[in-house]
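The structure appears right after this line, and notes come after that.
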Amino acid sequence: MDHLTDLENKSIYILREAYNQFKNLCMLWSIGKDSTVLLWLTRKAFFSHVPFPLVHIDTAYKIPEMIEYRDRLALKWNLSMIYGQNADALANKQTYPDGTLSRVECCRRLKSEALRHTLSGTGPRYRLNHISKKYELDSDLTPYTGVVVGVRSDEEGSRSKERYFSPRDMNHDWDIDDQPPEFWNQWKTDFAPNTHVRIHPLLDWTELDIWKYIKRERIETVSLYYDTGSGKRYRSLGCWPCTYPVESTAKTVNDIIKELETGKFSNIAERSGRAQDKEDEGGLETLRKEGYM
Amino acid sequence: MESCANIAIVGHVDHGKSTIIGRLLADTQSLPSGKLEQIKEFCKKKSRPFEYAFLLDALKNEQAQGITIDIARCFFETEKSKYLILDTPGHIEFLKNMVTGAANADAALLVIDAKEGIQENSKRHAYMLSMLNIKQLVVLVNKMDLIAYDEAVFNEIVEKYNRFLKNINLSAKMFIPVSGMQGDNIALQSPLLPWYRGSTVLQSLDQLEKPAPLISKPFRLPVQDIYKFTAGGDDRRIVTGRIESGQISIGDRLTFYPSGKSSYVKTLESFNTQINEQSHAPTPIGFTLTEQLYIKRGEVAVKSSDSKIHISSRLVVSLFWLGRQPLQLNKEYWLKIGTSKIKMSVEKIISVINAATLDYHQSKNTCINRHDVAECVICLNSPIACDFSHEHPVTSRFVIIDDYNIAGGGIIQKDLPNLAEKTLSQIRKRNILWIKSDISREERSLKYQHAPALIIVTGKKQANRQYFAKKIERALFNLNKKVYYLGIGNIIHGVDADINQQTRKTRHEHLRRFAEVLNILLDAGHIVVVTAIELDEKAVDLIKITTSCDKPYIVWMGASSEQSLNVNTCVEKEIKHPDTLNKVIKDFTHLC
């Protein structure tokens, strides 16, 4: 059996396990290539259906193409689509682009905090109405007990320590030093009240695997990943004030695979275009411990 | 495309695992540029000598302590193959993380410090590998530079360690003398070890084989879930699960154990692939059956033409314990095997084994401590379908849950007889031979607007059970439910007319017949309200197994202090007050 099929098999099994074991399950969809592959794997696992809501944390600074793409697919695939936002921080201009916060501090407010409140139901959830095609305030604020996330272990150091099923405590904190064991395809599916479990079906995938799978399955990805004439493209997507494109003339999925295989980026970290990672040594780990995806 | 082999690196603390991986990555140019310089700079800043191990220890707190706390993964490629290297901690405190890393591996590199020699975890980790069924092992004798590359010391370790491995039924593919610090025999043949003509670590990786999927073994598929996405306009009733071994084709006859229900594979379902006629291990599949069987997660599908699977609730097992609290005799835990989850307890500890010295001691212990390995008898609340470890490596292994976490794992050696087995085999036979109606369970539920359900009203002799049960029946009847009241007395004088009045021996038979009648009423789609005196956990279990009704709603009439089983609600006072009844009805309808 080939490597992509091996990876696909394991991810599908994990997704079905999560769906069976967690009553209030959701999936984080960042609109990026990884979580979009995860969404595709979900359709494979459930025979074209997506039987749980997708949650997007909208910082209001996302590149506009990302939002357009999100809503188009949500309508096309009949997704139960929800977004959350830290409206307070935005209203009070507590952000990096407003000049009041550092990059890491801004991530903490607009992403970590917004995520925490959206998951626990202590903040607003906006749900897509498929008839009016508009988002409406959702009345269902039941906390999610299982959260499927598309992190990969090769992205950066702290992610290589993740489990497939990774518990978060009442404060959404991740205790890296004392994680439960997992073996023989038995995972942590039991959890104490008020805690939740993050589920990581893509842990064993690499950036190249993701692109090869996008090619094999012909998955529609957001246009920002491709050069449209400027000689630049995004390799990792985020908020526009803190995300920079890379020099590349890759115009198609095939071009990107070729680019990765020839080792053009082998010496440059995938997230090198994400400015917040560089602000302090281990910055991302600090954020991740606090619930950042 | 070739596949990716998972390699775990294990061994005693400070024997140099992370250093060897760091060196392997550096010497094969597998690191992002600047990473090496960045770590060297970091060490200079903290005035610590540079170590290759720091490359892997990407986390802050790990660098502070200098030991691997968790598994780290890194990808690595040779001309022949791709590898995922799983670095595991050697410190005893983190054995659970070593197990997590090693359990996913196709092969293991075990590191022994040439100067310190074989240590406790050199042995314990090998023992865990054998429990985890990792058959391919390469032993790296590290820090050869510290013993002046002495061949005699190397040979002594090889001989001693081989003797140990033989005792635990494991054998090393090869021993390689190396120095992670100096880079000897890691990626390049070392001129300082002229007496060694074997492979380098890099070469040894390419000689490992990825274990073949278990295609030639009998078909085994633990049922993971059953889907019917009616809301999405999809009428297929799809059974899912991963094929742990063997293969399956459309038209195969499957039997599901422990229930014994059976049907034929109608279609193999998938999304965005070609239509499949067959599939094999280790694929997670979805399929439909020619008949609408009521089967549940946790049952194991077996091809009717393949070898039988064991069905048992009393097992002799070998297990390792990782929990912070010791594993206690006669305490209730959850056991997970395949996709099923059952309550269990340890009935007897046969022996505790010191994994490092292999000393067995017959045990009078009442508990198994953290990091101990033991042989014991476990009892399950209901029977499971399983294989034994010498027959099948996958469907014979289980984990134990304590305090929400996986706290131990083990393999099943054999089973022991259990009193209820006779009843269970009768039920299986009944299920296999059951003549099915053309109307499915789902169709009935749809028509009646509710699923079948069982309400048991029990309590002490003088409690007013029948009065209350009839009130429940009336209330549900008024809510348009298809409900029926049945007292156990109605059975005793009819169905049971041929057996004597209640003695201990006949009580089981009374209950069994009672449960069989309930099974028919539930199959017909009713909500059944029954009364019986003082049922205990065992009696309720018998009813559950006979009727395939997992969660009967149980009302205890009397003080909660008197009850002999887990119940949904206790009714002691104000039995005739309408609120008492309303509360029970509300609670029941909420749950169903």
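The values are calculated or read from the model by the stated rules, or taken from the named source; none is laboratory data. Not measured: the values here are computed from a predicted model. Positions of Cβ are backbone-derived with ideal geometry, glycine not excepted, and every protein chain shown enters the neighbour counts.
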Residue within segment B:360-377 that is modelled with pLDDT under 85, over 17 Å from B:S312 (Cβ atoms), out of contact with any strand residue (DSSP E or B) (no Cβ under 8 Å at 6 or more places or on another chain) and surrounded by 15 or more Cβ atoms within 10 Å (Cβ to Cβ) present: no
Where B:I248 falls short, out of the listed (1) out of contact with any Asp or Glu (no Cβ under 9 Å at 6 or more places or on another chain); (2) more than 11 Å from chain A (Cβ to nearest Cβ); (3) outside any strand (DSSP E or B): (3)
Residue among B:N330, B:N272, B:N276 that is within 14 Å of chain A (Cβ to nearest Cβ) and loosely packed, with under 15 Cβ neighbours inside 10 Å: B:N272
Any strands (runs of 3 or more DSSP E) falling wholly within segment A:14-113 and containing at least 3 residues that are away from chain B (no Cβ under 14 Å) and in contact with a helix residue (DSSP H, G or I) (Cβ under 7 Å, 6 or more places away or on another chain): A:54-57
Given (1) assigned to a loop (DSSP other than H, G, I, E, B); (2) more than 10 Å from every other protein chain (Cβ to nearest Cβ), number of the condition A:Y213 does not satisfy: (1)
Verdict on B:K228 being among the charged types (D, E, K, R), touching a residue at least 60 places away in the same chain (Cβ under 8 Å), within 14 Å of chain A (Cβ to nearest Cβ) and surrounded by fewer than 14 Cβ atoms within 10 Å (Cβ to Cβ): yes
Residue ID - farthest from B:L518 (Cα to Cα), chosen from residues in segment B:538-592 that are assigned to a loop (DSSP other than H, G, I, E, B) and touching an Asp or Glu at 6+ places or on another chain (Cβ under 8 Å): B:A559
Contacts under 9 angstrom Cβ, first residue in segment A:36-50 being on the phi < 0 side of the Ramachandran plot, partner of a type in the set (G, A, S) and assigned to a loop (DSSP other than H, G, I, E, B), 6 or more apart: A:T36/A:S30; A:T36/A:G150; A:V37/A:G150; A:L38/A:G150; A:L39/A:G150; A:K44/B:S270; A:V50/A:S80
A:L90 vs. criteria surrounded by fewer than 21 Cβ atoms within 10 Å (Cβ to Cβ), over 21 Å from A:R198 (Cβ atoms) and touching a Ser or Thr at 6+ places or on another chain (Cβ under 7 Å): no
Criterion violated by B:K210 - all others in (1) surrounded by 14 or more Cβ atoms within 10 Å (Cβ to Cβ); (2) closer than 22 Å to B:S18 by Cα satisfied: (2)
Residues within segment B:540-592 that are of a type in the set (D, E, K, R) and within 23 Å of B:S259 (Cα to Cα), tallied: 4
Leading residue by the ranking (modelled with the highest pLDDT) among those in segment A:234-284 that are loosely packed, with under 13 Cβ neighbours inside 10 Å and among the β-branched types (V, I, T): A:T252
B:R242 vs. criteria within 10 Å of chain A (Cβ to nearest Cβ) and surrounded by fewer than 19 Cβ atoms within 10 Å (Cβ to Cβ): no
Search result, residues across segment B:219-236 that are part of a loop (DSSP other than H, G, I, E, B) and modelled with pLDDT under 95: B:K228, B:F229, B:G233, B:D234, B:D235, B:R236
Members of segment A:2-13 that are facing chain B (nearest Cβ under 7 Å) and out of contact with any strand residue (DSSP E or B) (no Cβ under 8 Å at 6 or more places or on another chain): A:D2, A:L4
B:N121, sole failed condition from (1) modelled with pLDDT of 90 or more; (2) crowded, with 21+ Cβ neighbours inside 10 Å: (1)
Segment B:462-483, residues that are touching a residue at least 60 places away in the same chain (Cβ under 8 Å) and more than 14 Å from B:V571 (Cα to Cα): B:A475, B:L476, B:L479
Positions within segment B:171-210 being touching a helix residue (DSSP H, G or I) at 6+ places or on another chain (Cβ under 7 Å) and within 11 Å of B:M144 (Cα to Cα), in sequence order: B:I176, B:P177, B:V178, B:S179, B:G180, B:M181, B:Q182, B:G183, B:D184, B:N185, B:L193
Subset of segment B:381-399 [part of a strand (DSSP E or B) and buried (at least 20 other Cβ atoms within 10 Å of the Cβ)]: B:P383, B:I384, B:A385, B:C386, B:R397, B:F398, B:V399
Residue that is nearest to B:I215 (Cα to Cα) [pool: residues in segment B:279-291 that are of a type in the set (A, V, I, L, M) and within 10 Å of another protein chain (Cβ to nearest Cβ)]: B:A281
Enumerated helices (runs of 4 or more DSSP H) restricted to segment B:400-504, each holding at least 2 residues that are more than 40 Å from the chain's Cα centre (by Cα) and not aliphatic (A, V, I, L, M): B:465-478, B:488-492
